[in-house]
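*Asks:* Can you read through this structure? Questions will come right after.
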Amino acid sequence: MKSILSNKIIATLQLVCLLVFLPALLFAQSFVATVNKNQVGLNEQFQLSYTLNANGSNFKAPPLSEFNVLSGPNQSTSMQFINGSMSQSVTLSYILQPKKEGSFKIEPATVESGGKMVLSNTVTVTVVKGSSQGSQGNGQNADEKTNISSKNIFIRVSVDKSNVYQGEAIVATYKLYTNVQVVNYSINKVPAFNGFWSQDMQMPSQLSLSNEVLNGVNYQVGEIKKVVLFPQQSGALMLEPMEGECIARIQVKRNRGSSPFDIFNDPFFNDPFFGSGGIRDVKFAVKSEPIKITVKELPAGAPASFNGAVGKFNMEGIIDKTKLKANDAVTLRLKLTGRGNIKLAEAPELDLSPDIEKYDPKISDNITVNERGASGSRTFEYLLIPRIQGQYDFGPVEFTYFDLDKKNYVTLKTPRYTLNVEKGIDGGSATTMGKSDFQVLGRDIRFIKTQVPEFVRNSDDFYGSFLFWLLSLVPFVGLIALISYRKKHQELNADAAMVKSRKATKMARKRLETANNLLKTGNQIAFYDETGKAIWGYISDKLKIPVSVLTKDSAVEALQNSGVSSDTINAFVSTLDYCEYARFARMDGGRSAEQVYQETVSLITKIEDEIK
């Protein structure tokens with residue numbers, strides 16, 4: 001009897017202890033990682049949650065490189081009452097999608113709580129082919145279905161024509177289609193447009209949406225990029241996909257389970273007013289489809305004055321004066337106007353007398369890019385200096401383009417020009433100079449005297465000395481050196497490509513000075529455009545690659561063949577891509593424009609030092 005009573009007393013004491021310490025056990029600090037299902041299909045989504053039942057800060061998630069993070073971290077807070085005491089917990093959740101099959105261990109996350117670092121447990125997820133099998137919903141977290149696909153959000157590119165001639169303009173338009181709410185979007189990969197010369201159109205800073213019905217479905221559509229493309233080679237060319245990410249705000253549906261607590265999964269409790277997370281911001285990857293462009297070769301038999309211009313053009317030649325003196329300057333302006341690849345038009349060649357010195361033309365553009373392509377004017381301003389008096393005839397100056405309407409070549413001609421050059425003040429004449437044109441400099445030059453001079457014999461004879469023979473040889477050596485220099489100078493200037501190659505760095509620095517001035521005025525779009533032109537112009541001139549065949553691939557190949565290091569080539573490609581991207585996309589967290597400018601100057605210097 002005593003034994004039975006003793007046992008009852010012990011049991012009573014154990015029950016009292018349990019009731020006293022139960023709240024402490026229930027509210028002990030914990031940081032738990034859970035998934036709503038441990039086995040998931042390859043193309044399915046699952047939720048990873050981290051729950052902390054105390055205050056915390058500095059949450060650090062584990063590496064999730066084996067999964068696509070579609071949403072998260074999403075934070076929610078819950079409260080509960082046990083024996084009159086309230087506890088609060090915070091949950092951070094991710095929506096993940098596996099990249100490949102296999103068994104993956106998700107390492108612990110960390111958080112600071114109570115003055116110390118707390119680690120969660122490790123979670124294992126098995127990814128199988130197709131849909132996951134078996135019951136997975138025994139945890140507290142219900143499966144959230146986003147029901148979003150590429151039919152809801154996608155990028156679509158359209159071109160105004162897909163069968164063109166080499167050099168003919170193509171307008172490509174990239175549009176974002178959505179039938180769900182999109183709160184933000186970003187472009188991760190801009191098409192390289194290999195084989196094309198591209199010119200971006202100005203786009204509004206804010207995305208403007210309009211309604212459009214596609215395949216019977218109503219979408220909100222916004223234009224995110226418009227570009228005019230000029231194919232630089234014939235054959236089949238591809239417009240590479242544009243890739244980006246969108247943040248879609250959607251209503252999440254939850255699966256109803258068998259637990260009596262699933263009443264809180266009712267849509268009433270999913271209202272965002274109650275903070276239960278019925279509305280989710282989901283990250284979704286978008287990608288356009290590639291488009292094939294068929295480029296036809298231009299007909300054979302092009303005149304010698306054809307340099308790749310395609311479209312419809314007119315040319316006007318203006319010379320500021322026809323009467324001048326030797327060593328005076330005269331300006332010839334050739335103004336090309338029309339529609340087509342006018343941005344790629346090269347300066348016409350002038351057939352001049354060797355007695356007229358010609359400088360590289362100054363080029364100025366007034367070009368507009370719109371849905372109809374590129375149009376406007378390009379002016380070539382030549383500075384000519386006749387060195388010897390006389391009459392000089394030159395011209396007509398010719399410019400040939402391929403007319404897309406007539407499907408043949410058209411040659412434009414200026415009038416013939418005549419320059420009447422008189423003798424200049426500084427002796428620009430071929431006539432004989434008289435005595436009055438000379439000046440006596442010390443005792444080096446004397447004219448014949450009429451009286452008999454007095455000759456005084458010097459004890460030291462200069463004639464026949466070493467200095468005499470040395471000074472006698474100086475004119476001959478100087479004449480030979482002058483002839484050799486003149487011949488070398490003519491040989492170097494005879495090769496136009498070599499001349500451009502020698503002046504490539506100088507021209508690039510001039511363009512970069514223009515870009516720096518644009519940067520100082522705050523015009524960053526024009527700055528990135530001019531910086532890209534400086535790099536392309538330098539590569540074209542230095543490596544002697546015509547603009548008509550210059551692409552990123554051909555430039556990389558030429559740099560490799562010239563002995564440029566791979567690091568420098570990678571920097572070249574990276575800088576070009578960054579300039580192209582920055583012309584239409586906002587660069588939050590990227591390199592500053594000043595940094596891009598300094599990197600471009602350093603890049604051209606490195607290529608100049610490394611090239612063979």
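The values are calculated or read from the model by the stated rules, or taken from the named source; none is laboratory data. The model shown is predicted, which means the values in this text are computed figures rather than measured ones. Here the Cβ is made from the backbone with ideal geometry for all residues, glycine too, and neighbour counts use every protein chain on show. Protein only, heavy atoms only, side chains kept; ligands, DNA and RNA dropped before computing areas. Shrake-Rupley method; radii C 1.70, N 1.55, O 1.52, S 1.80 Å.
*Asks:* For a 18 Å ceiling on Cα separation, which of these pairs sit above it: LYS312/LYS362; LYS506/LYS544; LYS296/LYS542?
*Replies:* Exceeds cut-off: LYS312/LYS362; LYS296/LYS542.
*Asks:* Heavy atoms of the protein only, probe of 1.4 Å, neighbouring chains included. What is the accessible area of PHE196 in Å², nearest 10?
*Replies:* The value for PHE196 is about 20 Å².
*Asks:* Another question about this same structure. For the range 307-419, what does the accessible surface come to per residue with a 1.4 Å probe? Please give it in Å².
*Replies:* 50
*Asks:* Sorted by accessible area with a 1.4 angstrom probe, largest first, how do LEU404, LEU482 fall?
*Replies:* LEU482, LEU404
*Asks:* Between GLU223 and ARG387, what is the label-point separation in nm under the 7 Å Cα-to-beta-carbon projection?
*Replies:* About 5.4 nm separates the two model spin labels.
*Asks:* Please list, in chain and number order, the residues 5+ apart from MET201 or on another chain whose amide H is under 5 Å from its amide H, with Hs placed from the backbone.
*Replies:* LYS226, VAL227, VAL228
*Asks:* Largest first, what is the accessible-area ranking of LYS296, LYS99, LYS533 with a 1.4 Å probe?
*Replies:* Heavy-atom accessible area, descending, gives LYS99, LYS296, LYS533.
*Asks:* Any chance you could tell me what percent of the C-alpha pair distances in the range 288-425 go past 24 Å?
*Replies:* Taking all Cα-Cα pairs of the range 288-425, the fraction more than 24 Å apart is 41 percent.
*Asks:* Using only the Cα atoms of the range 156-241, build the gyration tensor, take square roots of its eigenvalues as a ≥ b ≥ c, and label the shape rounded, prolate or oblate: rounded if a/c is under 1.5, else prolate if a/b is larger than b/c, else oblate.
*Replies:* Note, shape of the range 156-241 comes out prolate.
*Asks:* So what's the net charge close to VAL118: Lys and Arg +1, Asp and Glu -1, counting the other residues with Cβ under 14 Å from its Cβ?
*Replies:* +1
*Asks:* Another question, then. Subtract the Cα-Cα distance of ASN179 and ASP403 from 0.36 nm times their separation in residues, and report this length gain in nm to one decimal.
*Replies:* Length difference between fully extended and current span is 76.3 nm.
*Asks:* Now, a different point. What lysines sit close enough to LYS116 to cross-link, taking a C-alpha to C-alpha distance under 24 Å and skipping anything fewer than 8 places away on the same chain?
*Replies:* LYS60
*Asks:* Here are some pairs, LYS189/LYS343; LYS321/LYS407; LYS287/LYS552; which of them have Cα atoms lying more than 29 Å apart in this structure?
*Replies:* The pairs that break the limit, which is 29 Å between Cα atoms, are LYS321/LYS407.
*Asks:* Could you work out the Rg to Rh ratio of the range 328-390, with Rh taken as the Kirkwood radius (inverse of the mean 1/r over all Cα pairs)?
*Replies:* Computed over Cα atoms, the ratio is 1.13.
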